[in-house]
1. Where the only charges are on Cβ atoms (+1 Lys, Arg; -1 Asp, Glu), what is the dipole of segment 5-440 about its Cα centre, to the nearest 20 debye?
2. Per residue of segment 65-82, in order, report the coupling 6.51 cos²θ - 1.76 cosθ + 1.60 (Karplus, θ = phi - 60°) as ³J(HN,Hα) in whole Hz, putting x for Gly and Pro.
3. So how long is each side of the chain along the principal axes, counting just the alpha-carbon atoms, biggest first, in Å?
4. Compute the relative contact order of segment 5-440 as a whole-number percentage, counting only Cα pairs closer than 8 Å that sit 6 or more residues apart in sequence.
5. Hey, what do the phi angles of segment 171-181 turn into as Karplus ³J(HN,Hα) couplings, whole Hz, using 6.51/-1.76/1.60 and θ = phi - 60°, x for Gly and Pro?
6. Taking the Cα centre of each part, how many Å lie between segment 86-122 and segment 187-242?
7. For labels at LEU425 and PHE113 in the simple 7 Å Cα→Cβ model, what's the distance in nm?
8. For segment 315-356, divide the Cα radius of gyration by the Kirkwood radius and give the resulting Rg/Rh value with two decimals.
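Where a number appears in this text, it was derived from the coordinates with a stated rule and is not lab data. Here the structure is a predicted model, which means the values were calculated and not measured. Heads up, the Cβs are rebuilt from the backbone with ideal geometry, glycines too, and the neighbour counts pull from every protein chain shown.
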Amino acid sequence: MKLNRFPLTALLLVSLGLSFPCFGQAYWKNHQVNLNETGTHYIKVNALFQGWIRNLEYNPGSTVFGYPKAAGTDIGIRRYRIVLFSQVSDRVFFYSQLGENNYNNINDRKQGFFVHDAYGEYEVDKKRLSMGAGLSGWSGLSRFSAASVTTIMGLDSPIFLQSTNDVNDQFLRKLSFYIKGKLGRLDYRMEWAQPMAIQKSSVFNAAAPLTTVTSFSAEPPKVQWNGYFQYQFLDEESNLTPYTTGTYLGSKKVFNIGAGFIYQKEALWQLAVADDPSSVRRFPMKHWAVDVYYDRPVGSKGAALHGYATWVSYDFGADYLRNSAIMNPANGTTQTDLLNGSGNGFPMYGTGTILYAQLGYKFPEHMLGNTTIMPYAAVQQAHYDRLQDPMVFYDVGMNWLLSGHQSKLTLAYQNRPLFNTHGDLIDRKGAWIAQYQIFLN
């Protein structure tokens, strides 16, 4: 008998909630149960909801269950999370995250709730070295490869920095062993990961033959190595979890420079000669990036400035290209000469180089009653080997901070390019998106 995972999770949280009074009122604060009088040992629960309403232009030829559709308005759940973590003892930490992503009206029903993170960690040397294992987001490459989605500045994190998103991982997370820590002002993380079988991913098609176009290998995967290192010039940031803060909204003064990598031997393959299975060539996956992060208060009235930029080199093998369609409103296409695929898809990943930047300014507190606003802009410019023209995606918007990150409304406009199968830029399409976020911290 198959059990529904959501009631089991709800039952667990209700059980925890009923047990909280047993600790006494002095032990209950900030959605956590303290396990000792000082609060250094605790169990804490967080939750997140991000709901979207969109009006967007679909890619040419898009269909919904066979019916053509050129544009539309939809409602969906971008993210829903329940997080349970605990400082079990002075040296032992446990973290678990459950939830769902990209739930809209054409998804399979009652299938989206799954485990995002489940790992345990042991502190070997205070601050300097901790080690852990399980399903986690302690990935390499860049700061926002593992972004805290509860504190991102704009509508969404730069998803392209999750280079194997749901191909051989689980929305970034990998089964892995990792070490992390701080050596003075140097914050580091390194991970040894076992990639997941691509046969279970949405990009795998068992009926598709191997061709001269590079793709992820279906052979048992080799070990994947990840690392990210950042030097923190100003305020020190927490590395309790792998997820890095998007913006502090003026509560910290942070300036970091970082660099990272991902490497996996024989991760990809192709045929050197068409229709000749004996001509298989295998390639390593090699990525590296550098980035800079700046976030600080401005003046004395709660204003803040935020900036982030990264330069990334992706090597998936010759001419590799992969589309992404966030919460895709369509599930088919009749346009065979369009590279983008259906709905809102566009070539987000590929072999080549990418420059990404985001900038935002939070106005002083109490600008609108007890609330304020934070406009922002972000742009991804990629030079992928398979495309004849640069791939430019941009996102501009406004956050209405009703109560910081705990309650905020974001209105954004996104614009994506369309390419034909020869790699030529032929058009652009746009989308208006409104998001409401509730974050229980």
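1. Working: 38 positive and 33 negative charges, 185 e Å.
Dipole magnitude for segment 5-440 comes out near 880 debye.
2. 6, x, 9, x, 8, 9, 6, x, 10, 9, 10, x, 9, 5, 8, 9, 9, 10
3. 70, 53, 49
4. Once divided by the residue count of segment 5-440, the mean separation gives 14 percent.
5. Those phi angles translate into 6, 5, 5, 10, 6, 7, 10, 9, 10, 7, x Hz.
6. So the separation of the two Cα centres works out to 18 Å.
7. 4.5 nm
8. On the way: Rg = 11.8 Å, Rh = 11.4 Å.
Radius of gyration relative to Kirkwood radius: 1.03.
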